[in-house]
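The values are calculated or read from the model by the stated rules, or taken from the named source; none is laboratory data. If you're wondering where the values come from, they're calculated on a predicted model, not measured in any experiment. All Cβ positions, even for glycine, are placed from backbone atoms using ideal geometry, and neighbour counts span all protein chains on display. These area figures cover heavy atoms from the full protein model, side chains too; ligands, DNA and RNA do not enter into them. Shrake-Rupley method; radii C 1.70, N 1.55, O 1.52, S 1.80 Å.
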Amino acid sequence: MNDVPKNPVARAAKMARLPIGLAGRTALGVGKRIGGRPAEIVAQEIQQRTADQIFRVLGELKGGAMKMGQALSIFEAALPPEIAGPYRATLTKLQESAPPLPSRRVHQVLARDLGEDWRDNFTEFNDIPAAAASIGQVHKAVWKDGRTVAVKIQYPGAGRALISDFNQLSRAGRLFGLLMPGLEVKPLLDELRNRVAEELNYELEAASQQAFADAYAGDPDIYVPDVVMGTDFVLVSEWMNGTPLSKVISDGSKEDRDRAGILLVRFLFSGPARAGLLHADPHPGNFRLLDDGRLGVLDFGAVDRLPGGLPPFFGRLLRIMHDDNADIEAVERELRENGFLRPGIDVDLDALRDFLAPLAEPSKVDCFKFSREWLRGEATRVTNVSASNITRRFNVPPSYVLIHRVSTAGIGVLCQLECEGEFRAEVLKWMPGYFDDAPIGGTDPLPATEPLQATDHAERGEEGQS
C-alpha cells in the first residue's frame, strides 16, 4: 500500500463540496415551498440528500477519513437506512480491501521509532502483516527475550490526513445541525477530533492497554496482553492466540456464544470501576475467546477516562426505565439536566419511552436473550416517525460521546452473538446510581463476580490479532 492519500488540495476539494451542496439543496427547497409543497416534506428531502452527500464524500476518502467516518457513526442514528446502510458498507469495503504497507515502508517506520538497529529488538520479524485496519497494520514477531509479540505499525501520513479531514469537516458543521436539529454540533465535533486524534498516539494507547492489563492481571475471565514497548507510531505487545469473536458469531456453539456475551458485558461495565477506563471500541475484531475460556481484549486506542466510574446519571435513568409505570417526565428531567435535551427542544414523551426502551430492556429481567430478530424489532419501533424525530432532537454532550458509542455498538455485538444470560446482575453490579445506596464515586472495584465455568476449548486453532 502506498501512504494514506494525503494530497491536501484533493482532500480539501472533496470536503469543500459539502457546504456548496447544502446551499444548492436549500435554495431548491425554498423554491419547492413557494410552489406549495409541505415544508416538512421538503426539509426531509434536504436532510436525506445532505446525509447522502456527507457520507458519500467520507466514503471516498481513505485512511484517516475512514477512522473519522467510524467516529461519526453517532450521526447514523438520524439517517434513513437506505443512506446509512450503504455508507457503512463503503467503510467496510475500503477497510477490508486495503493492501498492506510494503516491507520497505514498514522498516522505515521501525527505524524511525526504534532506531536504525531496530532488528536487535527481535529474534524474528514477519514482514507479512497478520492484520490490517484503517490507520495501521499488525506484524507477528519474537521479542529479544523470547516472547511472541504483536507489532502494530501506523501508516505514514494517516495522522495528517485525519486531522486535515476533521478541520475541513468542522467548517461544514452546520450540515450536521441540519441532520439533527437538537444537536450542539461544534463541541461534539471538537470532542470527536480530540478522541480520534488520541487513537493516533500509540504511546497513549500503550499506557491505556497496560492500565487494563494491570487491572485484570490474574482475572479468571478477562485477559489483556501486557505492553512490551510503545512509541508514537509503533506499539509492541504480547501476542494473543484465540478464536476471534467474529468466528464465535458465525460458527460458535451456544455455550461459547453465551459465555462470550456475558464476559463482554462484564468487561465493558467493570472497566470504569476497575481500571478507571472504558474500552470504547467494542467490535468483534477486538475480542478473542481463548482456549482456557477467558475473553481476550485488543486495541485500546479508543478509551474513555472515567476515574470515578460510570456516571450515576445512567443508573438513575435505568432504574426509572425498569419501572413498568416509568415516570417519563422524570426521565425527561434527567436528560435535560445532563444536557441530552437542549433548552427549547420539545419531545413527545411516548416517543421518548419507545426510544429508550431497547437500552433498558436487557437489564430489566433476570435472564435475557439478545437476537437479531429482537434488534430488528426494536429498530423498527424506534425508526417510526415519532421516534425518528426524537433521535434528531437529541443532543450528545461531548463527555458522553464514547459511552454512547459503547452502548449502541455493544448491543449490536451481543445481538450478533445471539447470546443468552443473566445480564441484569452483571450490569447492575457496576452501575452507580441504580440503588439508593449505590456508590457514586471512588475507584475501588466492587467484589469480583464469580468466575464462569469454562467450556471445552481444546479444538481452537491459533488466530492472530487486529
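Restricting attention to segment 284-302, does a residue exist that is out of contact with any helix residue (DSSP H, G or I) (no Cβ under 6 Å at 6 or more places or on another chain), open to solvent by 20 Å² or more (accessible area, probe 1.4 Å) and closer than 19 Å to Glu426 by Cα? Yes, some residue in segment 284-302 is out of contact with any helix residue (DSSP H, G or I) (no Cβ under 6 Å at 6 or more places or on another chain), open to solvent by 20 Å² or more (accessible area, probe 1.4 Å) and closer than 19 Å to Glu426 by Cα.
When each of Asp120, Asp145 is tested for being open to solvent by 50 Å² or more (accessible area, probe 1.4 Å), of a type in the set (Asp, Glu) and part of a loop (DSSP other than H, G, I, E, B), the lone residue that passes is Asp145. Set side by side, the residues Val227, Val234, Val303, Val248 differ, and just one is under 19 Å from the mean Cα position of the chain (by Cα) and of a type in the set (Val, Ile, Thr), which is Val303.
When you look at Glu205, is it closer than 26 Å to Pro129 by Cβ, in contact (Cβ under 8 Å) with a residue 24 or more places away in the chain, buried (at least 22 other Cβ atoms within 10 Å of the Cβ) and not β-branched (Val, Ile, Thr), yes or no? For Glu205, the condition - closer than 26 Å to Pro129 by Cβ, in contact (Cβ under 8 Å) with a residue 24 or more places away in the chain, buried (at least 22 other Cβ atoms within 10 Å of the Cβ) and not β-branched (Val, Ile, Thr) - is met.
Being in a strand (DSSP E or B), open to solvent by less than 30 Å² (accessible area, probe 1.4 Å) and in contact with a helix residue (DSSP H, G or I) (Cβ under 7 Å, 6 or more places away or on another chain) is the requirement here; does Leu200 meet it? For Leu200, the condition - in a strand (DSSP E or B), open to solvent by less than 30 Å² (accessible area, probe 1.4 Å) and in contact with a helix residue (DSSP H, G or I) (Cβ under 7 Å, 6 or more places away or on another chain) - is not met. Taking the conditions exactly as written (surrounded by fewer than 20 Cβ atoms within 10 Å (Cβ to Cβ), of a type outside the set (S, T, N, Q) and under 22 Å from Val227 (Cβ atoms)), does Gly308 satisfy them or not? So Gly308 does not fit the description; no.
Looking at this structure, is Leu352 more than 15 Å from Gly412 (Cα to Cα) and assigned to a helix (DSSP H, G or I)? So Leu352 fits the description; yes.
May I ask you to verify whether Leu375 is modelled with pLDDT under 90 and assigned to a helix (DSSP H, G or I)?
Numbers: modelled with pLDDT under 90: yes; assigned to a helix (DSSP H, G or I): yes.
Answer is yes for this residue.
Scanning segment 179-200 for residues that are in contact (Cβ under 8 Å) with a residue 40 or more places away in the chain and either of a type outside the set (A, V, I, L, M, F, W, C) or closer than 28 Å to Gln137 by Cβ (or both) gives Pro181, Gly182, Glu184, Pro187, Asp190, Glu191, Leu192, Arg195, Val196, Glu198, Glu199, Leu200. Within segment 184-197, can one find any residue that is surrounded by 17 or more Cβ atoms within 10 Å (Cβ to Cβ) and in a loop (DSSP other than H, G, I, E, B)? No; the residues of segment 184-197 include none that is surrounded by 17 or more Cβ atoms within 10 Å (Cβ to Cβ) and in a loop (DSSP other than H, G, I, E, B).
Remark: pairs (first residue in segment 400-420, closer than 14 Å to Glu373 by Cβ; second residue in a helix (DSSP H, G or I) and of a type in the set (Asp, Glu); Cβ separation under 7 Å; 6+ apart in sequence or on different chains) = Cys419/Asp258; Glu420/Asp258. Remark: pairs (first residue in segment 332-343, assigned to a helix (DSSP H, G or I); second residue among the charged types (D, E, K, R); Cβ separation under 8 Å; 6+ apart in sequence or on different chains) = Glu334/Arg316.
Could you tell me whether segment 318-325 includes any residue that is in a strand (DSSP E or B) and surrounded by 19 or more Cβ atoms within 10 Å (Cβ to Cβ)? No.
Here is a yes/no grid of residues against (1) assigned to a helix (DSSP H, G or I); (2) basic (Lys, Arg); (3) closer than 21 Å to Phe368 by Cα; (4) open to solvent by 10 Å² or more (accessible area, probe 1.4 Å):
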site: Gln210; (1), (2), (3), (4): yes, no, no, yes
site: Ser250; (1), (2), (3), (4): yes, no, yes, yes
site: Asp258; (1), (2), (3), (4): yes, no, yes, yes
site: Gly261; (1), (2), (3), (4): yes, no, yes, no
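If I filter segment 396-417 for residues that are open to solvent by less than 40 Å² (accessible area, probe 1.4 Å), touching a Gly at 6+ places or on another chain (Cβ under 7 Å), at pLDDT 85 or above and more than 30 Å from Leu183 (Cα to Cα), do I get at least one hit? Yes: segment 396-417 contains one or more residues that are open to solvent by less than 40 Å² (accessible area, probe 1.4 Å), touching a Gly at 6+ places or on another chain (Cβ under 7 Å), at pLDDT 85 or above and more than 30 Å from Leu183 (Cα to Cα). Candidates Arg259, Arg319, Arg266: the one that is in contact with a helix residue (DSSP H, G or I) (Cβ under 7 Å, 6 or more places away or on another chain) and of a type in the set (Lys, Arg) is Arg266. For segment 217-236, the tally of residues that are farther than 23 Å from Arg266 by Cα and open to solvent by 10 Å² or more (accessible area, probe 1.4 Å) stands at 6.
The number of residues in segment 355-371 being in a helix (DSSP H, G or I) and either open to solvent by 30 Å² or more (accessible area, probe 1.4 Å) or more than 22 Å from Phe269 (Cα to Cα) (or both) comes to 3. Scanning segment 99-113 for residues that are open to solvent by less than 30 Å² (accessible area, probe 1.4 Å), modelled with pLDDT under 95 and farther than 14 Å from Asn126 by Cα yields one hit, Val109.
Please state which one of Arg305, Arg372, Arg274, Arg288 is over 30 Å from Gly136 (Cβ atoms) and among the basic types (Lys, Arg).
Numbers: Arg305 fails: over 30 Å from Gly136 (Cβ atoms); Arg274 fails: over 30 Å from Gly136 (Cβ atoms); Arg288 fails: over 30 Å from Gly136 (Cβ atoms).
It is Arg372.
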